[in-house]
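Data first, discussion second: the structure below is written as structure tokens.
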Amino acid sequence: MNEQASSWHVRVAVREDQTAICRFWWALMEEQMASDPELWLACDARERWCRGFVTDVRSSIHAFYVAEDAAGSVVGFAHAYLMYPPPLYAQELEAFLAEIYVEPSWRGKGVGHALVEQIRQWALSKQAKRVRLEVLARNEKAPHFWNREGFRPFSILAIQPLSGNRKD
């Protein structure tokens, strides 16, 4: 375990973590939107995601973990859910790592690794065959982190805007 881990730990998220997790989810979205102008969210995305957390956190097909510092403050979170891949692939249960975020001052201390490891363990406990995730192409730091975690590029998702107007 990381030598700094005595100052933090990872635990299963609970309903009472909603405020912190929603704040971190929004920080993640802001970082991603800043890195890629092609990422645009619905005007009510934050409200819908946070409302969905309330039911998802209790669902057996979702997993939420938080990293907490010694004072009990949440410093990061990860969220995954169970899914089956598109029909052209073997229909084996997978875990989709939908979001992971670590507060900037806590990055590089093993928190992200510990969150990913908890997702791996949860996925194994659900008999998932693999963990899948997506990364924005313009997120330059992500490939290094995911490589270290044992992930490899698998497919490319491409978009082509059909209009110069992105507004809803």
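Could you go through segment 85-94 and let me know if any residue there is modelled with pLDDT of 95 or more and under 18 Å from Ile21 (Cα atoms). No; the residues of segment 85-94 include none that is modelled with pLDDT of 95 or more and under 18 Å from Ile21 (Cα atoms). Checked against the criteria, Leu28 counts as under 22 Å from Arg138 (Cα atoms), surrounded by fewer than 18 Cβ atoms within 10 Å (Cβ to Cβ) and at pLDDT 95 or above.
Residues of segment 107-160 that are surrounded by fewer than 15 Cβ atoms within 10 Å (Cβ to Cβ), modelled with pLDDT under 95 and either closer than 19 Å to Val12 by Cβ or hydrophobic (A, V, I, L, M, F, W, C) (or both): Phe154, Ile156, Leu157, Ala158, Ile159. Inside segment 65-122, residues that are at positive phi and in contact (Cβ under 8 Å) with a residue 60 or more places away in the chain make up a count of 1. Scanning segment 67-79 for residues that are outside any loop (DSSP other than H, G, I, E, B) and more than 18 Å from Phe151 (Cα to Cα) yields Ala67, Glu68, Asp69, Val74, Val75, Gly76, Phe77.
Each row is one residue, and each column tells you yes or no for (1) under 27 Å from Ser7 (Cβ atoms); (2) out of contact with any strand residue (DSSP E or B) (no Cβ under 9 Å at 6 or more places or on another chain); (3) part of a strand (DSSP E or B).
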position: Tyr81; (1), (2), (3): no, no, yes
position: Tyr101; (1), (2), (3): yes, no, yes
position: Val116; (1), (2), (3): yes, no, no
position: Ile119; (1), (2), (3): yes, no, no
position: Val135; (1), (2), (3): no, yes, no
position: Gly150; (1), (2), (3): yes, yes, no
position: Ile156; (1), (2), (3): no, yes, no
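Please verify whether segment 41-57 includes one or more residues that are touching a helix residue (DSSP H, G or I) at 6+ places or on another chain (Cβ under 6 Å), of a type in the set (Gly, Ala, Ser) and within 20 Å of Ala27 (Cβ to Cβ). No, the conditions are met nowhere in segment 41-57. Is segment 97-112 home to any residue that is in contact with an Asp or Glu (Cβ under 7 Å, 6 or more places away or on another chain), closer than 29 Å to Glu16 by Cα and of a type outside the set (Phe, Trp, Tyr)? No; the residues of segment 97-112 include none that is in contact with an Asp or Glu (Cβ under 7 Å, 6 or more places away or on another chain), closer than 29 Å to Glu16 by Cα and of a type outside the set (Phe, Trp, Tyr). Please verify whether segment 97-106 includes one or more residues that are crowded, with 18+ Cβ neighbours inside 10 Å, more than 21 Å from Val10 (Cα to Cα) and not aromatic (Phe, Trp, Tyr). No, segment 97-106 contains no residue that is crowded, with 18+ Cβ neighbours inside 10 Å, more than 21 Å from Val10 (Cα to Cα) and not aromatic (Phe, Trp, Tyr). Of the residues in segment 33-59, how many are in contact (Cβ under 8 Å) with a residue 24 or more places away in the chain, part of a helix (DSSP H, G or I) and either acidic (Asp, Glu) or under 18 Å from Trp106 (Cα atoms) (or both)? Residues in segment 33-59 being in contact (Cβ under 8 Å) with a residue 24 or more places away in the chain, part of a helix (DSSP H, G or I) and either acidic (Asp, Glu) or under 18 Å from Trp106 (Cα atoms) (or both): 1 in total. Looking at the structure I just gave you, is Glu92 farther than 25 Å from Ala42 by Cβ, of a type outside the set (A, V, I, L, M) and assigned to a loop (DSSP other than H, G, I, E, B)? Yes: the conditions hold for Glu92.
With respect to the conditions (1) closer than 15 Å to Trp106 by Cα; (2) in contact with a helix residue (DSSP H, G or I) (Cβ under 7 Å, 6 or more places away or on another chain); (3) outside any strand (DSSP E or B); (4) not β-branched (Val, Ile, Thr), Leu28 lacks only one, and its number is (2).
The values are calculated or read from the model by the stated rules, or taken from the named source; none is laboratory data. This one's a predicted model, so the numbers in the text were calculated from it and none came from an experiment. Glycine also receives a Cβ, built like all others from the backbone with ideal geometry; neighbour counts cover every protein chain displayed.
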